[in-house]
Amino acid sequence: MTDQLQHYIQARRQQKDLLLMTHIVLGYPDFDTSLRVVEAMVEAGVDLMELQIPFSEPMADGPVILRANAEALKTGATVDRCLELSEQITQRFDIPFLFMTYYNILFRRGVADFVGQMKQIGMQGAIIPDLPPEEGADYLAAMRSCELAPIHIFTPNTSSERMQHLSDCSAGFIYTVARKGVTGKDTAFSSELGDYLARCRAATNLPLALGFGVTSRADFEFIRGKADIAVIGSETIRVMERDGVAAVKPFIQGILSGG
Amino acid sequence: MKHSGYHTQFGGAFIPEILVPTFEQLEAAYLEAKADPAFWAEYKALMSSYSCRPTPITFAENLTRHFGGAQIYIKREDLNHTGAHKANNVMGQGLLTRRMGKKRVIAETGAGQHGVATATMAARFGFECTIYMGAVDVARQRPNVFWMEQMGATVIPVEDGSRTLKDAINEAFRDWVTNMDDTHYVLGTACGPYPFPDMVTWFQSIIGQEARQQMLERVGRLPDRAYACVGGGSNAMGLFSGFLNDKEVELVGVEAGGRGRGTGEHAARLAYDDASIGVAQGYKTYFLQDRDGQMQDTHSVSAGLDYVGVSPILASLHETGRVRFEAATDDEVIKAMQLTVRKEGLIPALESSHAFAQAFKEAPDLSPNDIILINQSGRADKDIFTVADAIDDPKWKEFIIRKAAQYQSGAQGGH
């Protein structure tokens, strides 16, 4: 497995004790806006980003990202256009970018071809939430040969034994989900979180990103010292929908201003 | 998680990580129940006392004479409680839910038959029940929504996507990833991630087991052809599994041809050439999708067949050639239904009428010594609004207008 992404995260962690990963849906509400949002996020100090290629059946996503997927497709977001924009993004901005999408997007292109294209356009890894390693032999082999990071997910339901197995199949970092449910629901940050994260740490040497439900600086501060990367998913879409693209940068800056 | 559940290249379990332990538990409970003869005995006893099993086969003497070809027999799944084969699956999964110690069930529904069946099961077993139904389907299937709510189920209209069956499935999965500890998802057809296709087929195989035995007892031999409609594919898998090893029985699956081949407005995944292999909703099969892998809108006069995917087991039987796939168009289906009502006094659901339509195309060319068997998977009470529209019945319209006027003036309905 490639260590490039992991090394980036570890080097960055020498400078600050909590990194921030954000997320956009490519082509929502349109491709120009997607580019402007990425620019705003990078300028605000985001450390890495997920670019989601829209899919018509986003089974693991909650209502906000689900609707963004549907809207993007309605306005003509094709996989080709997503790849083109992603290439522009990786050329212009100097942080790691990962794809988030569903397996059918890869499967339809041919898994090896898709992964080869990812490499070519400068992506560093991918999160495919409906592809457990048991179904992903082709994908894992292609990612390995292209030196890209396949990122897997830990959940509170995952046994320690399975966490170790998932870690063996991963590179870059582990995406740890703080609670059950789809993306974008509230999380009660319980005291059980500490025990859960300790279990995650024991199962892997990879950095931990803590996902789902960060909406404020208080949430971000709460994660400091517990995980390596905080993830903001659907909240930036909510901010953009409510207050416009111009509000995204101050929102991210506000979250990071404690550090 | 064991790596299993493939039928040739189709099936699998493409599930979010958070559901992995839930699927492990379900697979274990399913395999345990399957290995336990007492479970099947309990299931059969329940279905013979709560539903109407064994359902009979009926010789369609008038239709046989009308076509002058093969002898036509009909397996009467419409006589199940709630009027369709859906009861077989939900009562089986109800027993399994109880075995797993869960207290709440959720389900998706298209036409509403599976939702009603699940709501009856939940009422009977004392489970809490939530049904996800596309907003389009809620609007066109009010009678079923009415009964689900009467039985204590919460019906949630799904406003996302195409607002039909596939979106209801996505929404049910979203509920499940939040509430898997106390909740079982009663998937309604032989689709979805393993073990659902295999488990639903197992419960529905009671149709084929009975039918095979009944044909031998009544007619003295097996049918030459057996027809079933195919939406997700559970009634077809139920009937076909009784005859899979009988090579002399030709199995015919009939999909929704909608407005016909080449129109793009249909739900024929195997009979037409528009579908391709993909992975969605947790499993690999033929989907009606575009070049990028985005699911496309489907069309059928019958909500129950209006679905983008098809059972991975049927996709496999298509590939191996064991099952032949055909499609019947909306118009052919309405005509087949009217003919069956008129000639036999049977009222097949619009879904089931697809199987009748295809059988009627083929029966005249067969000899009177040939025998065909049609699965009447359900009855058409739920379709009364759709059928009345399709045949443009003036007296029905008059009735609805009068009824609406009564409600508008605040008067009580009825007498």
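Summary table below
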{"read-out": "Residues listed by number, region B:279-303, amide nitrogen under 20 Å from A:ASP80 label point at 7 Å toward C-beta", "value": "B:289-296"}
{"read-out": "Cut-off under 5 Å, modelled amide H: who pairs with B:GLY110 long-range", "value": "B:GLY115"}
{"read-out": "Dipole of the protein assembly as shown, positive end: most advanced residue of B:THR109, A:VAL79, B:ILE347 [Cβ charges, Cα centre]", "value": "B:ILE347"}
{"read-out": "Within chain A, helix-based [θ] at 222 nm, where runs of 4 or more DSSP H residues each add -39,500 (n - 2.57), nearest 500", "value": "-14500 deg cm²/dmol"}
{"read-out": "Label-point gap, in nm, between B:GLU128 and A:ASP32 - each point 7 angstrom along Cα→Cβ", "value": "4.9"}
{"read-out": "Built amide H within the under 5 Å cut-off of B:TYR283, gap 5+", "value": "B:PHE14"}
{"read-out": "Net length gained if the chain between A:GLN15 and A:ARG199 were fully extended (0.36 nm per residue, minus Cα distance)", "value": "63.7 nm"}
{"read-out": "Added length on full extension, which subtracts the Cα-Cα distance from 0.36 nm per residue, B:GLU149 to B:LYS395", "value": "85.7 nm"}
{"read-out": "Whole-Å distance, taken between Cα centres, linking region B:344-415 and region B:157-215", "value": "25"}
{"read-out": "All-pairs alpha carbon distance profile, region B:45-99, 10 Å steps from 0, percent", "value": "23, 37, 23, 13, 4, 0"}
{"read-out": "Formal net charge of residues neighbouring B:GLY257 (Cβ-Cβ distance under 11 Å; K, R +1; D, E -1)", "value": "-4"}
{"read-out": "Residue of A:ARG217, A:ARG108, A:ARG81 that the Gaussian network model of chain A assigns the largest fluctuation, springs spanning Cα pairs under 10 Å", "value": "A:ARG108"}
{"read-out": "GNM flexibility winner over chain B from B:THR82, B:THR263, B:THR285 (Cα, springs under 10 Å)", "value": "B:THR263"}
{"read-out": "Dimensionless Rg over Rh [region A:4-256; C-alpha; Kirkwood]", "value": "0.93"}
{"read-out": "Residue order, fewest to most surrounding Cβ atoms within 10 angstrom, among B:VAL341, B:VAL136", "value": "B:VAL341, B:VAL136"}
{"read-out": "Point-charge dipole on Cβ atoms (K/R +1, D/E -1) for region B:293-403, about Cα centre, debye to 20", "value": "380"}
{"read-out": "Ratio of Rg to Rh over region B:1-63 (Cα coordinates, Kirkwood Rh, two decimals)", "value": "1.19"}
{"read-out": "Order of B:MET133, B:MET100, A:MET21 - criterion: other Cβ atoms within 10 Å of each residue's Cβ, fewest first", "value": "B:MET100, A:MET21, B:MET133"}
{"read-out": "Across A:LYS226/B:LYS102; A:LYS16/A:LYS249; B:LYS44/B:LYS247, pairs whose alpha-carbon gap is larger than 23 Å", "value": "A:LYS226/B:LYS102; B:LYS44/B:LYS247"}
{"read-out": "Listed residues B:VAL90, B:VAL200, B:VAL323, most fluctuating in chain B (Gaussian network, C-alpha, under 10 Å)", "value": "B:VAL323"}
{"read-out": "Value of relative contact order over chain A, rounded to a whole percent, pairs C-alpha under 8 Å and six or more apart", "value": "24"}
{"read-out": "Amide proton proximity set for A:PHE154, modelled H, under 5 Å, gap of 5+", "value": "A:TYR175, A:THR176, A:VAL177"}
{"read-out": "Region A:4-256 - charge dipole about Cα centre, Lys and Arg +1 at Cβ, Asp and Glu -1, debye rounded to 20", "value": "380"}
{"read-out": "Where GluC sites (Glu not before Pro) fall in DSSP loop in region B:90-172, at most 16 other Cβ within 10 Å", "value": "B:GLU159"}
{"read-out": "Spatial separation of Cα centroids for region B:242-289 and region B:1-47, in angstrom", "value": "24"}
{"read-out": "Percent of Cα pairs exceeding the 21 Å cut-off, where the set is region A:98-170", "value": "21"}
{"read-out": "Label point distance in nm, B:ASP331-B:TYR407, each placed 7 Å from Cα along Cα→Cβ", "value": "3.3"}
{"read-out": "Approximate shape of chain B as ellipsoid semi-axes (Cα gyration tensor, √5λ), whole Å, largest first", "value": "29, 27, 22"}
{"read-out": "Length-normalised contact order of chain B in % [C-alpha pairs under 8 Å, at least 6 apart]", "value": "19"}
{"read-out": "Pairs of alpha carbons in the protein assembly as shown whose separation is greater than 39 Å (percent)", "value": "36"}
{"read-out": "10 °C / 1.306 mPa s Stokes-Einstein diffusion coefficient of region A:40-98, Kirkwood radius on C-alpha pairs, µm²/s", "value": "125"}
{"read-out": "Which of B:PHE127, B:PHE356 has the fewest Cβ neighbours within 10 Å, and the rest in rising order", "value": "B:PHE127, B:PHE356"}
{"read-out": "Förster radius 45 Å - calculated FRET efficiency between B:GLN296 and A:GLN120 (Cβ-Cβ, nearest 0.05)", "value": "0.95"}
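Throughout, read-outs are computed from the coordinates displayed, never taken from laboratory work. Here the structure is a predicted model, which is why all the values come from computation and not from measurement. Cβ coordinates were reconstructed from backbone atoms using ideal geometry, including for glycine residues, and neighbour counts include every protein chain displayed.
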